[in-house]
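The values are calculated or read from the model by the stated rules, or taken from the named source; none is laboratory data. This one's a predicted model, so the numbers in the text were calculated from it and none came from an experiment. Here the Cβ is made from the backbone with ideal geometry for all residues, glycine too, and neighbour counts use every protein chain on show. Only protein heavy atoms, including side chains, enter the accessible area calculation; ligands, DNA and RNA are left aside. Shrake-Rupley method; radii C 1.70, N 1.55, O 1.52, S 1.80 Å.
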Amino acid sequence: MEYLDRKVIPILYNHRENEENGQNSEIEEAVKLAHKSQAIDSAELPARLRIGKESVFLKRTELYDSRVAISLPRSLRLISEKEASMKYPSSHRPEWIYTNDSGTVNFTFNRLEHRISEEELTSFTETMANVIRGTQPIRQWEKHGVRITETGQFTGYCQFSIQGLNNQIYNHIGFSILDQSVLVYGFNCTDEEKRDWLEPGETILNSLAIH
């Protein structure tokens, strides 16, 4: 987790847009599909999830003046500023960090100053995938791309595992657009937690909606 904070997040802040590379028609079509998608009402989202042997209740959590909403487990807590500075030493730490009691599962949210349009999200995601693979101690690269979530959100994503100090860490990072800026969000967990959290974690991220 600390590797992402020290290397990738600063690069995200300083990233500049790449020129279009002939994918305009595919990107425009994906954007059209995203706008046509019907967002699922929060009442239709699951009220609880099965995580390992436990049934975990979810709470609709609002961020950024209620512009962003996501269903997070009630068992997670927002960490204090002091804890955040220890967990993410860089000044570019995420703005919102929700964690479990042991600190092994984390959901993070960060809005960047970098401005971007939906048409540029595909090339931005591809660039960030290359940046991550070029700067991180990757143990396993799962996949990356762009998709439309169940809430109708057009988002880029990268899924991969890195070597931490004492453990292997699984990461799922998403890229969406909030007020023409990049919203970086995601979750990470230790290798021991991955079996229980992989599918629930993706379901939780899929519940994110930007108003």
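Quick grid of which residues meet (1) among the charged types (D, E, K, R); (2) assigned to a strand (DSSP E or B):
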{"residue": "THR108", "(1), (2)": "no, yes"}
{"residue": "ARG111", "(1), (2)": "yes, yes"}
{"residue": "HIS114", "(1), (2)": "no, yes"}
{"residue": "THR122", "(1), (2)": "no, no"}
{"residue": "ASN130", "(1), (2)": "no, no"}
{"residue": "GLY134", "(1), (2)": "no, no"}
{"residue": "GLU142", "(1), (2)": "yes, yes"}
{"residue": "GLY145", "(1), (2)": "no, yes"}
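Give the residue, chosen from ILE9, ILE40, ILE79, that is under 16 Å from PHE187 (Cβ atoms) and at pLDDT below 65.
Numbers: ILE40 fails: under 16 Å from PHE187 (Cβ atoms); ILE79 fails: at pLDDT below 65.
Of ILE9, ILE40, ILE79, the one residue that is under 16 Å from PHE187 (Cβ atoms) and at pLDDT below 65 is ILE9.
Go through segment 94-139 and give me each residue that's of a type in the set (D, E, K, R), out of contact with any helix residue (DSSP H, G or I) (no Cβ under 7 Å at 6 or more places or on another chain), farther than 23 Å from ILE70 by Cβ and surrounded by 14 or more Cβ atoms within 10 Å (Cβ to Cβ). Give the derivation first.
Start the filter on segment 94-139 by keeping residues that are of a type in the set (D, E, K, R), which leaves 95, 101, 111, 113, 115, 118-120, 126, 133, 139.
Add one more test, that the residue is out of contact with any helix residue (DSSP H, G or I) (no Cβ under 7 Å at 6 or more places or on another chain), and what stays is 95, 101, 111, 115, 120, 126, 133, 139.
So of that shortlist, the ones also farther than 23 Å from ILE70 by Cβ come out as 120, 126, 133, 139.
Answer for segment 94-139, where residues must be of a type in the set (D, E, K, R), out of contact with any helix residue (DSSP H, G or I) (no Cβ under 7 Å at 6 or more places or on another chain), farther than 23 Å from ILE70 by Cβ and surrounded by 14 or more Cβ atoms within 10 Å (Cβ to Cβ): GLU120, GLU126, ARG139.
Only one of ARG93, ARG60 is in a strand (DSSP E or B), out of contact with any Gly (no Cβ under 7 Å at 6 or more places or on another chain) and among the basic types (Lys, Arg); which? So that I can check it myself, show each step before the final result.
Values: ARG93 fails: in a strand (DSSP E or B).
So the residue among ARG93, ARG60 that is in a strand (DSSP E or B), out of contact with any Gly (no Cβ under 7 Å at 6 or more places or on another chain) and among the basic types (Lys, Arg) is ARG60.
Would you confirm, using the coordinates I've provided, whether GLY152 is in contact (Cβ under 8 Å) with a residue 12 or more places away in the chain and either surrounded by 17 or more Cβ atoms within 10 Å (Cβ to Cβ) or within 13 Å of the chain's Cα centre (by Cα) (or both)? Spell out how you get there, then give the answer.
Numbers: in contact (Cβ under 8 Å) with a residue 12 or more places away in the chain: yes; either surrounded by 17 or more Cβ atoms within 10 Å (Cβ to Cβ) or within 13 Å of the chain's Cα centre (by Cα) (or both): no.
No; evaluated as a whole, the condition is false for this residue.
Return the residue satisfying two criteria in turn: it lies in segment 162-203 and is under 22 Å from LEU112 (Cβ atoms) and out of contact with any strand residue (DSSP E or B) (no Cβ under 6 Å at 6 or more places or on another chain), and of such residues it is surrounded by the fewest Cβ atoms within 10 Å (Cβ to Cβ).
ASP179
Each row is one residue, and each column tells you yes or no for (1) farther than 15 Å from ILE204 by Cα; (2) open to solvent by 30 Å² or more (accessible area, probe 1.4 Å); (3) without any contact (Cβ under 8 Å) to a residue 24 or more places away in the chain.
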residue	(1), (2), (3)
LEU49	no, no, no
GLU54	yes, yes, yes
ARG60	no, yes, yes
TYR64	yes, no, no
VAL68	no, no, no
LEU72	no, no, no
SER85	yes, yes, yes
PRO89	yes, yes, no
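Filter segment 74-83 down to the residues that are outside any loop (DSSP other than H, G, I, E, B) and open to solvent by less than 70 Å² (accessible area, probe 1.4 Å) and list them by number. Lay out the reasoning, then the answer.
So in segment 74-83, the residues outside any loop (DSSP other than H, G, I, E, B) come out as 77-78, 81-83.
The one that is outside any loop (DSSP other than H, G, I, E, B) and open to solvent by less than 70 Å² (accessible area, probe 1.4 Å): GLU83.
Being open to solvent by less than 60 Å² (accessible area, probe 1.4 Å) and either in contact (Cβ under 8 Å) with a residue 12 or more places away in the chain or among the β-branched types (Val, Ile, Thr) (or both) is the requirement here; does HIS211 meet it?
Details: open to solvent by less than 60 Å² (accessible area, probe 1.4 Å): no; either in contact (Cβ under 8 Å) with a residue 12 or more places away in the chain or among the β-branched types (Val, Ile, Thr) (or both): yes.
No; evaluated as a whole, the condition is false for this residue.
Let's see how each residue does on (1) without any contact (Cβ under 8 Å) to a residue 60 or more places away in the chain; (2) in contact with a Leu (Cβ under 9 Å, 6 or more places away or on another chain); (3) among the aliphatic types (A, V, I, L, M):
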position	(1), (2), (3)
SER117	no, no, no
VAL146	no, yes, yes
GLY156	yes, yes, no
PHE160	yes, no, no
HIS172	yes, yes, no
GLU193	no, no, no
